[in-house]
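Inspection log for the structure reproduced underneath, given as structure tokens.
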Amino acid sequence: MKPTFVAETGSHGRGTSSRCAAALPLALAVLLCAAVVLFSPPAAEAQAAPCTGPWVQSLAGPHAVTRVPIDDVADLRRRLPELEAGIRAVVTGDPTLGPVVADGLIAAIRDGAGITERPMQADEAVRWMAYQPRPGQIETISPACLRLKRSYDAFAITVEIPEPSPRAATPTCAVSAVRDCAAANPAITVDLRGSSPGSRVSMAAGARPEVPLSGAGERLTVADPGPYDLEATFTVRAEGPAAPARTARVFRFLMPKICGNLVYLGEAASRTLAPAGAPATCEQSVRVGRCAAAAEPPPSVEPAPEADLCEAGWVVRPFLFGFFPTGDDQERDIVLPFTGPARESFELEQGYGLGIAVEKRMGPVFGLEAAVMVGKGDSEYEIDNGAATESDSHSTTFYAFTLGPNFHLLGCGGTDLYLGPFVGYGGFADPNYWAFDHHFGASFDGDFVWGAQLGLDAPFGDGPWGFHGGLRYIELSQDTDAGTLRVDPLLVTIGLSYRF
């Protein structure tokens, strides 16, 4: 707390008593700028000046914020770093100002915006004045009563803090209408519930001009101008209050050049940044159709016949297949020219390939399919003479062409399960094998084949494409130097189906 000084008035006007002299050391403790003299005024002056705070009589001394006078605005901006902490402390500490005004004041000094120069009057009315009671500490005298012996050059700083942008209240428009076609006196009931107060409603019937409707309340009943001839459109419009003007709060500060002690003069009248805006509006319409002369059932529409791809169509099935021989391997004893007795063996191993099948559906149960398959399979020939083993491997080409009927077990449903026999032509390529200088021949010529298959087609939704999977067994034998080799491959197929 700052001390309160009481001085008694003597018979010589402005002379002070011994009590005033005794209080002088305390008064010096709160000197403001340079040598700020605090005293209580004589009784006659106290009546003319209602200020109740310490009186400031002169500036310059140990309580100045800066000991070096500030020359001009450019010098003030240059010396802002040494002043900023004190300015922020005293402005933020005022609950009527706070950090937002402090930031605005520092920004104004930094930019040189809103700064003018004028004399600080000897009896300037101020809210508070900053001073430095001890080095590095800035406080305020509030209220400060200025009774300076002379005026001082000062910077007048105006800080504007824009208020938040106001928004115009948005009105609400809501309308519904019901046409009573069965009443003896046809009428239309209009419901405005949900619309803002003061809403206006109008009606347009057919090509007639729009006319306003009068009436109070949220529900209006109007005579129907033509229930069987005219459509009616009802439109509600509302207007909200005008958007308030956008303003900025204006705060006024002084800073004497001689000492740099900030003075708060108070808040001036707000400044208008933008005038009041146009009010927000809304509009909503509803249309009421004509009354029907008689209710008639809608005509029945037969769906257009769709081609039944199951009954008479085509199915294409591209697929991959895995090749798995189910027959026996070949083994026999032979005599080699140089090493004597030995045992030779020959086998066909599994493989893979591509195929495509095309089926013509003849009805819900029967179809005729042709298929082509081409693939690769491994084969190995081996001789064991008891002391050593030697082998020779080749990749053989498998091919088959088949034709046969399919019998569909699920009729014309979405998923198609079928089976059927087939006949055709197929075989392998004709490789030769060598081991221990011994030749082994496999006569893989084409030949008549037959077999059977089991297949499944599952459509992808309602489209023509679907998933295909199946099994095919082919009765197939091939001749080699060791006799007849039963291959009898089992093919596992997976691919797509397309119906058209």
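The values are calculated or read from the model by the stated rules, or taken from the named source; none is laboratory data. What you see is a predicted model, and the numbers here were worked out from it, not measured in a lab. We place every Cβ from the backbone using ideal geometry, glycine too, and count neighbours over all the protein chains shown.
Kindly evaluate ARG237 against the criterion of being among the charged types (D, E, K, R), buried (at least 17 other Cβ atoms within 10 Å of the Cβ) and either touching a residue at least 12 places away in the same chain (Cβ under 8 Å) or touching a Lys or Arg at 6+ places or on another chain (Cβ under 8 Å) (or both).
Numbers: among the charged types (D, E, K, R): yes; buried (at least 17 other Cβ atoms within 10 Å of the Cβ): yes; either touching a residue at least 12 places away in the same chain (Cβ under 8 Å) or touching a Lys or Arg at 6+ places or on another chain (Cβ under 8 Å) (or both): yes.
Judged against the criteria, ARG237 is a match.
Any idea which of PRO62, PRO95, PRO50 is assigned to a loop (DSSP other than H, G, I, E, B), touching a residue at least 24 places away in the same chain (Cβ under 8 Å) and not hydroxyl-bearing (Ser, Thr, Tyr)?
On inspection, the qualifying residue turns out to be PRO62.
Determine which single condition ARG88 fails, assuming it passes every other condition in (1) part of a strand (DSSP E or B); (2) within 19 Å of ILE141 (Cβ to Cβ).
(1)
Mind checking which strands (runs of 3 or more DSSP E) fall wholly inside the stretch 219-264 and carry at least 3 residues that are among the small types (Gly, Ala, Ser) and more than 30 Å from VAL91 (Cβ to Cβ)? Step through it out loud before you land on a result.
Values: elements: 219-223, 232-239, 246-256.
Of the strands (runs of 3 or more DSSP E) lying wholly inside the stretch 219-264, none has at least 3 residues that are among the small types (Gly, Ala, Ser) and more than 30 Å from VAL91 (Cβ to Cβ).
Go through PHE440, PHE467, PHE448 for me and flag whichever is surrounded by 15 or more Cβ atoms within 10 Å (Cβ to Cβ) and in contact (Cβ under 8 Å) with a residue 24 or more places away in the chain. Working first, answer last.
Values: PHE467 fails: surrounded by 15 or more Cβ atoms within 10 Å (Cβ to Cβ); PHE448 fails: surrounded by 15 or more Cβ atoms within 10 Å (Cβ to Cβ).
That would be PHE440, the only listed residue that is surrounded by 15 or more Cβ atoms within 10 Å (Cβ to Cβ) and in contact (Cβ under 8 Å) with a residue 24 or more places away in the chain.
Condition check ((1) of a type in the set (Lys, Arg); (2) farther than 21 Å from PHE436 by Cα; (3) not in a strand (DSSP E or B)) across all residues:
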position: PHE338; (1), (2), (3): no, no, yes
position: ARG343; (1), (2), (3): yes, no, no
position: GLY353; (1), (2), (3): no, yes, no
position: GLY386; (1), (2), (3): no, no, yes
position: GLU390; (1), (2), (3): no, no, no
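So in the stretch 149-198, with the set limited to residues that are of a type in the set (Ser, Thr, Tyr), part of a strand (DSSP E or B) and touching a residue at least 40 places away in the same chain (Cβ under 8 Å), which one is surrounded by the fewest Cβ atoms within 10 Å (Cβ to Cβ)?
Among residues in the stretch 149-198 that are of a type in the set (Ser, Thr, Tyr), part of a strand (DSSP E or B) and touching a residue at least 40 places away in the same chain (Cβ under 8 Å), the one surrounded by the fewest Cβ atoms within 10 Å (Cβ to Cβ) is SER176.
Looking at ARG118, ARG67, ARG79 in this structure, which one is more than 14 Å from MET255 (Cβ to Cβ) and not hydrophobic (A, V, I, L, M, F, W, C)?
ARG67
Would you list the strands (runs of 3 or more DSSP E) that sit entirely within the stretch 451-500 and hold 1 or more residues that are modelled with pLDDT of 90 or more and touching a strand residue (DSSP E or B) at 6+ places or on another chain (Cβ under 8 Å)? Reasoning before the result, please.
Values: elements: 465-475, 477-480, 483-486, 489-499.
In the stretch 451-500, 465-475, 489-499 are the strands (runs of 3 or more DSSP E) which contain 1 or more residues that are modelled with pLDDT of 90 or more and touching a strand residue (DSSP E or B) at 6+ places or on another chain (Cβ under 8 Å).
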